[in-house]
1. What fraction of the DSSP beta bridges in the stretch 72-198 is antiparallel, stated in percent and rounded to the nearest 5?
2. Set the Förster radius R0 to 45 Å, insert the Cβ-Cβ distance between ASP187 and LEU158 as r into 1/(1 + (r/R0)^6), and round the FRET efficiency to 0.05.
3. Which of the peptides 73-80, 204-211, 233-240 is most tightly packed, and how do the rest follow, going by the mean number of other Cβ atoms within 10 Å of each residue?
4. Roughly how many nanometres apart are two label points built 7 Å out from the Cα toward the Cβ at VAL150 and LEU336?
5. Across the stretch 39-48, in residue order, what do the Karplus-derived ³J(HN,Hα) couplings come to in whole Hz, using 6.51 cos²θ - 1.76 cosθ + 1.60 with θ = phi - 60° and x for Gly and Pro?
6. Quick query: amide H of THR20 versus all other amide H atoms, modeled in the peptide plane; which residues come in under 5 Å with a sequence gap of 5 or more or a different chain?
7. Scan around GLY83 for amide H atoms under 5 Å from its own, H built in the peptide plane at 1.01 Å from N, and keep only partners 5 or more places away or cross-chain.
8. Between LYS237 and GLU115, 0.36 nm times their residue separation minus their Cα-Cα distance comes to what?
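The values are calculated or read from the model by the stated rules, or taken from the named source; none is laboratory data. Note that the structure is a prediction, hence the values are computed from the model and not measured. So basically every Cβ, Gly included, is an ideal-geometry build from the backbone, and we count neighbours across all protein chains shown. Each accessible area value is taken on the protein alone, full model and side chains, heavy atoms only, with ligands, DNA and RNA left out. Shrake-Rupley method; radii C 1.70, N 1.55, O 1.52, S 1.80 Å.
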Amino acid sequence: MFRQILCVAVTLAAVQAHGTFTIMHSPESVTFHGNEEVCQSLLPEIFSLTLGYTTKMRGSWDGMRITNIFDLPEAVVGVAIEGVTSIEPPRGKHYPLIEDESEETTWQALSGRLEERDNSETVVRINTADGVDALGRSALGELKLKPVNVASLKTLSLENESDRKFLEEIQLLDAFTNKVLSGITIDDKTDLYWFVVSALSPVIDSHRDKPAAVKEALAILNDALSRLSNAFVDAYKGKVIIAVFTNDASHVRHTRAAGDGVGSRVDNITAQSSHKTVESTTEGKINRSTTESYERKPRVLQIKNKTINASKKYDATYPVMFNIFLWFGVAFVFSLIAICITIADMDPGRDSIIYRMTSNRMKKDN
């Protein structure tokens, strides 16, 4: 009996692999509150709502409130830290994150929604692991890396390959930060900037016996994120959402395996989403078309054996048909009232051509 309980507990821990979702900055028109956990698959919906887009929420989250719809953010800046579950950022509003999909799936859903609305919007994704040679000239202009200040390093070393790659990604992130003020043009279009940092996990793995090195790496990363946040806040004059979240790909894969093996029992207990992220078996890359078809499935409407009082599902054309019938009905009623009033005030002797024609014909006949 104890062994079965232990297996269930391990399975639940694997399925509910928690990361961290942090809002480093938001304008006064959008407030974040509470500490309710949020699924990563809901991040595209949350970011879209902050930009003023109408979305179909596949779940509920009460951690955000829009207080002024006439002063919404002009841009969203997202930073994905891969391979870790938390980076302990020094500032911002923190929420537990359920990593139910990969970072690339989240990016595709959000960028696809923005591109559907307007192809002229600025949508940029930067993976710092590609290096300056692969990126070359970015969307913000030519990148110039500053040399690493070796004297400031305490436990990290450029001779260590994982440390060197991590510091190179931080250099690249700082290079983008230096280009923000001069490279961004503010217009009436919404912008999306997406950064992916993946070199922190190898540093943690190579320094498991050196907590000081891991602590120094986290401090360096948090300082770089603070500089990046301040640059975007100054460029957009505060009208920007800046979010950082962690995503451990191994946990995402483990979640899929556990969900396939346990079945509906785990779904009912953990209240996880019924959709899954599908990956290609040949190249290991995400199959976008299959993912999108799964994403449109509704979520499980049972949480801890309690049924949610959810509304019925409407067709996508429901808002259009509703507005057509509504405004046609309003116009028809007012037109009918105007016609009735006009007929009631009509003078048959002067206003009606019927009476005039009849009167003239009678006189001519006589």
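1. 15 percent
2. Efficiency, rounded to the nearest 0.05: 0.65.
3. Those peptides, ordered most packed to least, come out 73-80, 233-240, 204-211.
4. Modelled inter-label distance: 8.7 nm.
5. Rounded to whole hertz, the list is 7, 5, 5, 8, 4, x, 5, 5, 5, 5.
6. LEU97, THR246
7. ASN247, ASP248, ALA249
8. 41.5 nm
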